[in-house]
Ligand code: PLP
């Protein structure tokens, strides 16, 4: 899309939009009192890394939508590919013996890009349904192989795996567990978050790594290895605060999984499709070949909803054993939606043709360096960045790492000051999180860092 002009924005009646939003639109993570009083930032257009509100204000979207606008917004060739597919075949039944050309092409492509023997793909409607599918696959696989007891799963504090009842229960963020909601507790176990900044006092990174690996293995042994079916892990925890685990963590956890016949499930809903400089980070960045990878978001760069659960020959050969007459009775009306699949295929083509993975290596390294320049500012406890996943954690006291009270909403305060200056970062309680499009330039990295610096300094001044 071309940069929108004044005529474009003239069509919006902001007052009635705000009123209608307040009256009818319940958002994801709806904050009732805040929304009632302040409404929302209503977005009308987007181009590249920039988005525009209905009043015509422009923002550099360092959040990348919701970790997803990888190739940037407003691509004409994407719009054309989507429109062509709508004309040709807007929908096709994905169940049983029905398939469509674009879903087939996409599954073949994903099998080619995924590591190891991950050659089988179940297409879903997004990340939560991909993780949900992975969990059901674990159950199905263990039952098929005659190990019905082996269905306990281990996940981690601060993990985020989605918003369905099951995936929220797999998640481990305290802020996502308000008393008003219930959670599934049966057969789900949480172990420590591998955050080196918050390692137990006195432990260096190497000791912390040993602690984490031993804790995991102890948990399996305590539950009984014959009862533990799978381990779920994001390569880098995203909404848990861009947690970059100690070096070697994933490989060591994978070794534990292999020792005890536990499936390793890598939730790459955020980390795949270029965010860490690779199509999939599990093997290329962390040296692990998982049994299952879940992905979504950057798979279509957010142009249309789609997710995928990609799994190994090992699982396929058990569940699909010839002659057993089984049916994997699981499926969504929009699994393999042809228009979503076209957007994923076009997205992958663009990432490859424009060499966006090497670009992320370069510009992501630059973001890492530049953001570290904020570490000495007041309020800043920790700066964490790996390629295009970044986070600044704010503390009340740098020495003790004590946090501000939640009610102070420090992340939100800084986010709002950045927003006034034309930059969007994502506030999560004590954090500001960033995941800009892969197309981001060095100049835009400078804009992010300098604007955030001003917002932090102004907030520090206001808190004096
Ligand atoms: N898994 C991870 C690691 C995520 O970050 C998310 C969303 O942020 C999900 C799963 C859920 O994806 P969706 O919102 O598409 O359902």
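The values are calculated or read from the model by the stated rules, or taken from the named source; none is laboratory data. Since the model is a prediction, treat every value here as computed from it, not as a measurement. Methodologically, a virtual Cβ is constructed for each residue, glycine included, from the backbone with ideal geometry; neighbour enumeration extends over all protein chains shown.
Each row is one residue, and each column tells you yes or no for (1) touching a helix residue (DSSP H, G or I) at 6+ places or on another chain (Cβ under 8 Å); (2) within 16 Å of residue 385 (Cβ to Cβ); (3) within 16 Å of the ligand (Cβ to nearest atom).
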position	(1), (2), (3)
193	no, no, yes
199	yes, no, no
211	no, no, no
216	yes, no, no
221	no, no, no
227	no, no, no
232	yes, no, yes
243	no, yes, yes
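Return yes or no: is residue 87 farther than 21 Å from residue 281 by Cβ, surrounded by fewer than 19 Cβ atoms within 10 Å (Cβ to Cβ) and within 22 Å of the chain's Cα centre (by Cα)? No.
Contact map, the stretch 77-106: residues that are touching a residue at least 12 places away in the same chain (Cβ under 8 Å) paired with residues that are surrounded by fewer than 13 Cβ atoms within 10 Å (Cβ to Cβ) and part of a loop (DSSP other than H, G, I, E, B), Cβ distance under 7 Å, separation 6+ or inter-chain. Pairs shown: 92/98.
Test residue 418 against the criterion of being under 23 Å from the mean Cα position of the chain (by Cα) and either under 20 Å from residue 442 (Cβ atoms) or surrounded by fewer than 19 Cβ atoms within 10 Å (Cβ to Cβ) (or both), and give yes or no. When the stated conditions are applied, residue 418 passes them.
Whether any residue in the stretch 420-432 is part of a loop (DSSP other than H, G, I, E, B) and at pLDDT below 95 is what I want to check. Yes: one or more hits. For the stretch 110-131, the set of residues classified as within 16 Å of the ligand (Cβ to nearest atom) and either in contact with a helix residue (DSSP H, G or I) (Cβ under 7 Å, 6 or more places away or on another chain) or over 14 Å from residue 336 (Cα atoms) (or both) consists of 122, 123, 124, 127, 128, 131, listed by residue number.
Look at (1) touching a helix residue (DSSP H, G or I) at 6+ places or on another chain (Cβ under 8 Å); (2) within 30 Å of residue 28 (Cα to Cα); (3) buried (at least 19 other Cβ atoms within 10 Å of the Cβ) and you find that residue 183 fails only one, number (3). Considering only residues that are touching a residue at least 40 places away in the same chain (Cβ under 8 Å), part of a loop (DSSP other than H, G, I, E, B) and closer than 20 Å to residue 117 by Cα, which ones fall in the stretch 262-279? Answer for the stretch 262-279, where residues must be touching a residue at least 40 places away in the same chain (Cβ under 8 Å), part of a loop (DSSP other than H, G, I, E, B) and closer than 20 Å to residue 117 by Cα: 262, 269, 271, 273, 278, 279. Every listed requirement among (1) within 16 Å of the ligand (Cβ to nearest atom); (2) farther than 28 Å from residue 299 by Cα is met by residue 260 save one, (1).
May I ask you to say which residue of 282, 340, 312 is touching a residue at least 40 places away in the same chain (Cβ under 8 Å) and under 25 Å from residue 77 (Cα atoms)? Outline the logic, then answer.
Numbers: 282 fails: under 25 Å from residue 77 (Cα atoms); 312 fails: under 25 Å from residue 77 (Cα atoms).
Result of the check over 282, 340, 312: 340.
Is it fair to say residue 117 is in contact (Cβ under 8 Å) with a residue 24 or more places away in the chain, over 30 Å from residue 17 (Cα atoms) and in contact with a strand residue (DSSP E or B) (Cβ under 6 Å, 6 or more places away or on another chain)? Walk me through it before giving the result.
Working: in contact (Cβ under 8 Å) with a residue 24 or more places away in the chain: yes; over 30 Å from residue 17 (Cα atoms): yes; in contact with a strand residue (DSSP E or B) (Cβ under 6 Å, 6 or more places away or on another chain): yes.
Yes, satisfied.
Here the helices (runs of 4 or more DSSP H) wholly within the stretch 298-416 that include at least 3 residues being more than 16 Å from the ligand (Cβ to nearest atom) and in contact with a strand residue (DSSP E or B) (Cβ under 8 Å, 6 or more places away or on another chain) are 313-319, 356-372.
Here's the yes/no breakdown for (1) surrounded by 23 or more Cβ atoms within 10 Å (Cβ to Cβ); (2) within 16 Å of the ligand (Cβ to nearest atom); (3) over 24 Å from the mean Cα position of the chain (by Cα); (4) under 19 Å from residue 291 (Cβ atoms):
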| residue | (1), (2), (3), (4) |
| --- | --- |
| 137 | yes, yes, no, yes |
| 140 | no, no, yes, yes |
| 147 | no, no, yes, yes |
| 151 | no, no, yes, yes |
| 159 | yes, yes, no, yes |
| 165 | no, yes, no, no |
| 168 | no, yes, no, no |
| 171 | yes, yes, no, no |
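Restricted to the stretch 263-297, and to residues that are closer than 21 Å to residue 221 by Cβ and buried (at least 24 other Cβ atoms within 10 Å of the Cβ), which residue is nearest to the ligand (Cβ to nearest atom)? Top of the filtered list is 265.
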